[in-house]
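Asker: Encoded as structure tokens, here's the structure I'll be asking about.
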Amino acid sequence: EGIEVRQVDAVIVEMLHELDSESGVGNYIFNVETEYGEMFEVNTSDSYLAGVGFDLNEGDRVYLQVVDAAEGTQVYFEDINREMSLLWIAIIFSVIAVLVGRWRGVLSLVGLCLTILVLFGFLFPAILAGRDPVISTVLASIVILAVNMHISHGIKKQTFLAFLGTTAGLSLVIIFSVLFVKIASLSGLAGEEATLLFWESAGVQLPVGILTAGIILGAVGVLDDVAITQSEVVGELLIANPNITKRE
């Protein structure tokens, strides 16, 4: 009672000391300034992430857990802020995709953005709102495949046939995923994140549905690649030998 826990973004303004843990992984003591202008001294050996596996330097942005209580304030190191690093990785990835794929690379990036839009704009909110995870994932997957495949590979007969084949394959993935999850009596609560999601989000249905949805969503990318490859190979064979029969 009377305890407030908050996560804050901070910048290391002064590195005071580097400690060696028993495992040989470094711990640090440093001063930080939070986004609210607060100044704290942080010792990573006091945190759950004791013995960080990366280097910390002055100017690095970090996440802290600040516990405000009647007897005082405790500050714990949570993790390093990787926003800029991930942004640079995304930029490098995009540049390489465009240089290698040219116009097709640009279209692939557009398809990727639309996929993210469907996931964060429809699928995840639907699951958090209590809708059936499997049905929501199937609908999202069909939309992602329909839009993404035609954007990435062009609006043509081979792409449309690949989409139909992928949709058919998706139905089999759904059937076998639900069947084997039931046979294996999987709960979907094997990880801490799944447990917290289930207990902290009142609208989320049984986590086994989210596990099944994850399996289905993971299979969509594989089906996309396989179906497109098969369709393109058949098209190339027909070009190489127009007299080949459908059976062959």
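The values are calculated or read from the model by the stated rules, or taken from the named source; none is laboratory data. Since this is a predicted model, take the numbers as computed values, not measurements. Here the Cβ positions follow ideal geometry from the backbone for every residue, glycine too, while neighbour counts run over all protein chains shown. Side chains are part of the model used for accessible areas, which takes the heavy atoms of the whole protein and leaves out ligands, DNA and RNA. Shrake-Rupley method; radii C 1.70, N 1.55, O 1.52, S 1.80 Å.
Asker: Give me the pairs, please: first residue somewhere in the range 77-105 and in contact (Cβ under 8 Å) with a residue 60 or more places away in the chain and within 23 Å of D55 (Cβ to Cβ), second residue anywhere and polar (S, T, N, Q) and not in a helix (DSSP H, G or I), beta-carbon distance under 8 Å, and either six or more positions apart or on two chains.
Answerer: Every condition considered, the pairs that remain are E78/Q7; E78/S47; E78/Q65.
Asker: Further question on the same structure: Can you name the number of the only condition in (1) open to solvent by 50 Å² or more (accessible area, probe 1.4 Å); (2) polar (S, T, N, Q); (3) free of Cβ contacts under 8 Å to residues at least 24 places away in the same chain that Q65 fails?
Answerer: Every condition holds for Q65 apart from (3).
Asker: What is the one condition in (1) open to solvent by less than 60 Å² (accessible area, probe 1.4 Å); (2) in a loop (DSSP other than H, G, I, E, B) that V134 does not satisfy?
Answerer: Only one criterion in (1) open to solvent by less than 60 Å² (accessible area, probe 1.4 Å); (2) in a loop (DSSP other than H, G, I, E, B) is unmet by V134, namely (2).
Asker: Would you mind telling me which numbered condition in (1) in a helix (DSSP H, G or I); (2) in contact with a helix residue (DSSP H, G or I) (Cβ under 8 Å, 6 or more places away or on another chain); (3) modelled with pLDDT of 85 or more I244 fails?
Answerer: In the conditions (1) in a helix (DSSP H, G or I); (2) in contact with a helix residue (DSSP H, G or I) (Cβ under 8 Å, 6 or more places away or on another chain); (3) modelled with pLDDT of 85 or more, I244 misses (1) alone.
Asker: Which residue out of G59, G24 is at pLDDT 85 or above, surrounded by fewer than 10 Cβ atoms within 10 Å (Cβ to Cβ) and over 30 Å from G154 (Cβ atoms)?
Answerer: Of the residues listed, the single one that is at pLDDT 85 or above, surrounded by fewer than 10 Cβ atoms within 10 Å (Cβ to Cβ) and over 30 Å from G154 (Cβ atoms) is G59.
Asker: Take L128 and tell me if it is surrounded by 15 or more Cβ atoms within 10 Å (Cβ to Cβ), in contact with a Ser or Thr (Cβ under 9 Å, 6 or more places away or on another chain) and either of a type outside the set (F, W, Y) or in contact (Cβ under 8 Å) with a residue 24 or more places away in the chain (or both).
Answerer: Answer is no for this residue.
Asker: State all residues of the range 93-139 that are among the charged types (D, E, K, R) and either touching a Gly at 6+ places or on another chain (Cβ under 8 Å) or closer than 25 Å to T167 by Cβ (or both); if no residue qualifies, say none.
Answerer: R104, R131, D132 - these are the residues of the range 93-139 that are among the charged types (D, E, K, R) and either touching a Gly at 6+ places or on another chain (Cβ under 8 Å) or closer than 25 Å to T167 by Cβ (or both).
Asker: If you check every pair at least six apart or on different chains, which have Cβ atoms under 8 Å apart with a residue in the range 193-215 that is in a helix (DSSP H, G or I) first and a residue that is at pLDDT below 70 and open to solvent by 80 Å² or more (accessible area, probe 1.4 Å) second?
Answerer: If the second residue must be at pLDDT below 70 and open to solvent by 80 Å² or more (accessible area, probe 1.4 Å), the pairs left are F198/L206.
Asker: With respect to F180, determine if the residue is modelled with pLDDT of 80 or more, of a type in the set (F, W, Y) and either open to solvent by less than 30 Å² (accessible area, probe 1.4 Å) or over 29 Å from R102 (Cβ atoms) (or both).
Answerer: yes
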